[in-house]
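**Q** Before I ask anything, here is the structure I am working with.
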Amino acid sequence: MEPARKVYLQPTPVRIWHWLNAFGIVTLIVTGAQIRFPEYIQLFSGYKSAILLHNTAGLVVAVSFSLWFFYYGVVARNMLKIYVPSKDDLRFGIGRQAKFYLLTYFLGWPNPHHPTPENKFNPMQKSAYLAIMFVLMPLIALTGILLTNVSPLRELVILIGGLKILVAAHFLLACCLCAFLFTHVYLATLGRTPLAYIKPMWTGWEEEEPDRHSHPAA
Amino acid sequence: MCIHREPAFLPILLFLTFVIPAVAIAGNADCLVCHADADAVGETFRIDHLTFDTTAHAALGCRECHTSVTTDHPGDGIAPSKADCRGCHEAISAEYARSTHQANADCRDCHNPHVARGPAAVSGADMNRQCESCHGRLDTTLRHAEWLPQTDLHMAMLPCISCHTASEENVITLYIIRRSDTLLGDGQRLATYPELKELAEGKSISSLIDRNEDDYISLTELRMFNSDPENRMLRLQGMITPEAVTHDFRTLDNRWDCSFCHASGPGARQTSYVSLAREDGSYLRIAAEKGAVLDALYGTPDFYMVGATRSKVLDVIGMVIIAGGMVMPVGHGTLRFLTRKNREHKEEE
Ligand code: HEM
C-alpha cells in the first residue's frame, strides 16, 4: 500500500477561528435557551450567570468572526473563490452532491468532490457556508449587539420595528444556527471513519487514501 | 330620636366634606397670595398653586401644618413652625423608623410636603427623582453594574423602589414617551402635558389612547395608538411599578433572583395600566385590558421583558426549525446504519 498522501487543507487561523466559534456557539445556544425559557432550563446557577456567559460568548464569536473575515479577505484573499458557488456549481454541482448524500453514499460510491486548498468545499457546502457566514452570522451578531445596547441604540431599534421584532429575529436566527449545527456535525462524521473529517479541522492535514479520496463533507 | 338625628347628621356631614375643605382652601389662598408668587417671596419659598391644590394635603390647609404662623407674618420675622409628618402618618413613620435607611434620610428628603401624592399619581421617573438627590444616577448605575446585566436599561425601566421595597405585587405601567430627535444616544423622555394637549386637539388627553373614553383601555386601543401616524414621535414604554410602597428601603434577597420578574407562567404580572401626564404634574392612571400572561403588552411593540413576554407562536416556529435540523442526523443516520454493509464492502476492495 502506498503511503497516505496528505493535503494541508485548514490553515491555522481558520482552525483557531473554527473551534472558538464552535465552543462559542454551543455556549450561546445553551445559555440562550436558559435566557428565553428560564422556567424550564436551569443549567447555570442563575439567570445572571447565563446572561453574562451569553454576552461573553457572543463577544468571543464576534471577535472570532472578524478573525475569520480578516484571514480570508485580507491575508489569504481567496474568500470569494472558496465560499461563492460558481455557475457550474449551481447548475450541476449541487445536484451531483445532493445525489451523493441522498443516494450513492448509501450504495458505497465515492464522494464526487475532491477537495484542494483552493476548492475545499463541495458545492452544497459552499452554498450552506455562504448563507451561514455571510447572512446568518452577521445578522445574528448585529441583532445581538442591538439587544445588549437597547438604551443607547433605542432609536435604531425603533427604526427596525421595535424590540419585539428584534428579539424575534435574534431567536429565529439562533434556531437556524442550531439546526445548521445538528446537520453540520452529523455531516462531519460522514468520512471514511467518523473522525476522518474532524481530525483535519484540528490538525490542518487531511489524509487522502490512494485508492479512495476522502473529502470533507460537512 | 332617629328621625331627628338624621337630618342633624346630614348637615354636619355636608359641613365636614364641603365647607371645611372650602374654608381650608380659602385659607390656602390667604397664604398663596404671596407664596404662589416668586416675586413676593422668592423662589425658595414659592409654592405652585395648581400643584398644591390637587394634592392630598391641600384639604388640610397651610395653617394645619404651619400652626405658629401669626397674623403679622411675615412682618413678625418669626419663621412659622413646620409640622412633623410623624404626627399624622403613624403607620408609615413607624415602619420607616424600623428600617436601616432611617438614619440616611428623613421624610422630607424624599417628599415635598406640598406635593404629596400616592404612588399611582407619581410617574416612575419622578419616583426615581426622589432618590437621585443622594443616589446619583451614574454612581448608582456603576454600583449595580457590578452584578446587574443591562444596568442602564434596568435603571431606566424600573423605579428603584420596585427592587428596594418589600411589596411583592407589581404592575406594568405604560407611559407615553417622546422619542429622541437623534438616532444615537438616550434622548427620549416622558411626553409632557403641553405636548400631549397639543396632540389631543382640544379633547381630553386620555382620549389619545382611550378613544371611546370609557376609562378602560382595550388591546385594540393600544394598537391603534401605536399604529397612528400622528403619534410617530411618541411611543408607549412599560415600567414595572410596585402596587404598594413599603418604607423599609433595603436590599431584598429575592430581587437578586432575576426570575422574580423574568419568568412567565401563572405568577407573572397580569395587570397593566396606562399613566398619563396631567396639568398639575401628577399622573392619571387608567386600567388596561387584562390579558393572559401579559398579552395586553403585545399591543406595545416595544415592550419586551426577556424570559417573561416571549411569544408562543415564535417558540413553535423555532422548534420546527430546530427539528428540521434533526432530519439529516436522524433520517440519514438511520439509512446510513441500514446500508453500512455497502460501504464495508467497498472498503475491502
Ligand atoms: C461543535 C460542533 C462542530 C463540529 C464538530 C464542526 C466540524 C467541522 C468540520 C469537521 C469542518 C471541516 C470540514 C469542512 O471544511 O467543511 C468544519 C468546517 C466549518 N464549520 Fe464547523 N463544526 C462545528 C461547529 C460549527 C459552527 C457552530 C459553525 C458556524 C456557525 C461552523 C461553521 C463551519 C464553517 C463555515 C466551516 C468551513 C470552514 C472553512 O472556512 O474552512 N461549525 N466544521
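The values are calculated or read from the model by the stated rules, or taken from the named source; none is laboratory data. Everything numeric in this text was worked out from a predicted model, so none of it was measured. Positions of Cβ are backbone-derived with ideal geometry, glycine not excepted, and every protein chain shown enters the neighbour counts. Please note that ligands, DNA and RNA were not included when accessible areas were found on the heavy atoms of the full protein model with its side chains. Shrake-Rupley method; radii C 1.70, N 1.55, O 1.52, S 1.80 Å.
**Q** Which of the numbered conditions does B:LEU199 fail, given that it passes all the others? Conditions: (1) assigned to a helix (DSSP H, G or I); (2) within 14 Å of another protein chain (Cβ to nearest Cβ); (3) open to solvent by 40 Å² or more (accessible area, probe 1.4 Å).
**A** The number of the failed condition is (2).
**Q** Just for region A:113-128: of the residues that are open to solvent by 30 Å² or more (accessible area, probe 1.4 Å) and at pLDDT 80 or above, which one is nearest to the ligand (Cβ to nearest atom)?
**A** Only one residue tops the list, namely A:ALA128.
**Q** A follow-up question, please. State whether the residues of region A:8-16 include one that is aliphatic (A, V, I, L, M), within 12 Å of the ligand (Cβ to nearest atom), away from chain B (no Cβ under 14 Å) and open to solvent by less than 70 Å² (accessible area, probe 1.4 Å).
**A** Yes, the conditions are met somewhere in region A:8-16.
**Q** Could you tell me which of the residues B:ALA116, B:ALA103, B:ALA91 is open to solvent by 40 Å² or more (accessible area, probe 1.4 Å) and either in contact with a helix residue (DSSP H, G or I) (Cβ under 9 Å, 6 or more places away or on another chain) or within 28 Å of B:SER275 (Cα to Cα) (or both)?
**A** Working: B:ALA116 fails: open to solvent by 40 Å² or more (accessible area, probe 1.4 Å); B:ALA103 fails: either in contact with a helix residue (DSSP H, G or I) (Cβ under 9 Å, 6 or more places away or on another chain) or within 28 Å of B:SER275 (Cα to Cα) (or both).
One residue alone meets the criteria, B:ALA91.
Rundown of residues vs (1) within 29 Å of B:ARG46 (Cα to Cα); (2) modelled with pLDDT of 90 or more, yes/no style:
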| position | (1), (2) |
| --- | --- |
| B:THR140 | no, yes |
| B:ARG143 | no, yes |
| B:HIS154 | no, no |
| B:ILE205 | yes, no |
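**Q** Does region A:52-60 include one or more residues that are more than 10 Å from the ligand (Cβ to nearest atom), more than 14 Å from chain B (Cβ to nearest Cβ) and either among the small types (Gly, Ala, Ser) or without any contact (Cβ under 8 Å) to a residue 60 or more places away in the chain (or both)?
**A** Yes - at least one qualifying residue is present in region A:52-60.
**Q** Would you confirm whether any residue within region A:162-185 is open to solvent by 30 Å² or more (accessible area, probe 1.4 Å), in contact with an Asp or Glu (Cβ under 8 Å, 6 or more places away or on another chain), more than 8 Å from the ligand (Cβ to nearest atom) and facing chain B (nearest Cβ under 7 Å)?
**A** We begin by selecting, within region A:162-185, every residue open to solvent by 30 Å² or more (accessible area, probe 1.4 Å); these are A:164-165, A:169-170, A:172, A:174, A:176, A:180-185.
Among the residues that remain, those that are also in contact with an Asp or Glu (Cβ under 8 Å, 6 or more places away or on another chain) are: A:164.
When the remaining residues are screened for being more than 8 Å from the ligand (Cβ to nearest atom), the result is A:164.
Narrowing further to those that are facing chain B (nearest Cβ under 7 Å): A:164.
Yes.
**Q** Which members of region B:32-56 meet the condition of being open to solvent by less than 40 Å² (accessible area, probe 1.4 Å) and either among the aromatic types (Phe, Trp, Tyr) or touching a His at 6+ places or on another chain (Cβ under 8 Å) (or both)?
**A** If the condition is that a residue be open to solvent by less than 40 Å² (accessible area, probe 1.4 Å) and either among the aromatic types (Phe, Trp, Tyr) or touching a His at 6+ places or on another chain (Cβ under 8 Å) (or both), then B:LEU32, B:ALA36, B:VAL41, B:ILE47, B:THR51, B:PHE52, B:THR55 are the ones that fit.
**Q** Residues in region B:211-232: is at least one touching a Phe, Trp or Tyr at 6+ places or on another chain (Cβ under 7 Å), within 14 Å of chain A (Cβ to nearest Cβ) and surrounded by fewer than 19 Cβ atoms within 10 Å (Cβ to Cβ)?
**A** Scanning region B:211-232, I find at least one residue that is touching a Phe, Trp or Tyr at 6+ places or on another chain (Cβ under 7 Å), within 14 Å of chain A (Cβ to nearest Cβ) and surrounded by fewer than 19 Cβ atoms within 10 Å (Cβ to Cβ), so the answer is yes.
**Q** When the residues of region A:188-202 are filtered to those that are more than 8 Å from the ligand (Cβ to nearest atom) and in contact (Cβ under 8 Å) with a residue 40 or more places away in the chain, which remaining residue is nearest to A:HIS114 (Cα to Cα)?
**A** It comes out as A:LEU190.
**Q** Okay, moving on. Every residue in region A:47-59 that is aliphatic (A, V, I, L, M) and open to solvent by 60 Å² or more (accessible area, probe 1.4 Å), please.
**A** The first filter runs over region A:47-59 and keeps only residues aliphatic (A, V, I, L, M), leaving A:50-53, A:57, A:59.
Result: A:LEU52, A:LEU53, A:LEU59.
**Q** Look through region A:129-161, keep the residues that are within 14 Å of chain B (Cβ to nearest Cβ) and open to solvent by 40 Å² or more (accessible area, probe 1.4 Å), and return whichever of them is modelled with the highest pLDDT.
**A** Checking each candidate, the answer is A:ILE145.
**Q** Next question. Among (1) within 12 Å of the ligand (Cβ to nearest atom); (2) closer than 30 Å to B:LYS312 by Cβ, which single condition is A:GLU39 missing?
**A** (1)
**Q** Another one. Which residues, taken from region B:299-336, are modelled with pLDDT under 85 and more than 8 Å from chain A (Cβ to nearest Cβ)?
**A** Of everything in region B:299-336, those that are modelled with pLDDT under 85 and more than 8 Å from chain A (Cβ to nearest Cβ) turn out to be B:GLY299, B:THR300, B:MET305, B:ALA308, B:THR309, B:LYS312.
**Q** May I ask you to list the residues in region A:18-46 that are surrounded by fewer than 17 Cβ atoms within 10 Å (Cβ to Cβ), outside any helix (DSSP H, G or I) and not small (Gly, Ala, Ser)?
**A** A:PHE37, A:GLU39, A:TYR40, A:ILE41, A:GLN42, A:LEU43, listed by residue number.
**Q** While we're looking at this one, here's another question. How many residues does region B:140-161 contain that are more than 17 Å from B:SER259 (Cα to Cα), crowded, with 18+ Cβ neighbours inside 10 Å and more than 8 Å from every other protein chain (Cβ to nearest Cβ)?
**A** Number of matching residues: 4.
**Q** May I pose another question? Taking region A:72-92, which residues are more than 13 Å from the ligand (Cβ to nearest atom) and surrounded by 13 or more Cβ atoms within 10 Å (Cβ to Cβ)?
**A** Scanning region A:72-92 gives A:PRO85, A:ASP89, A:LEU90.
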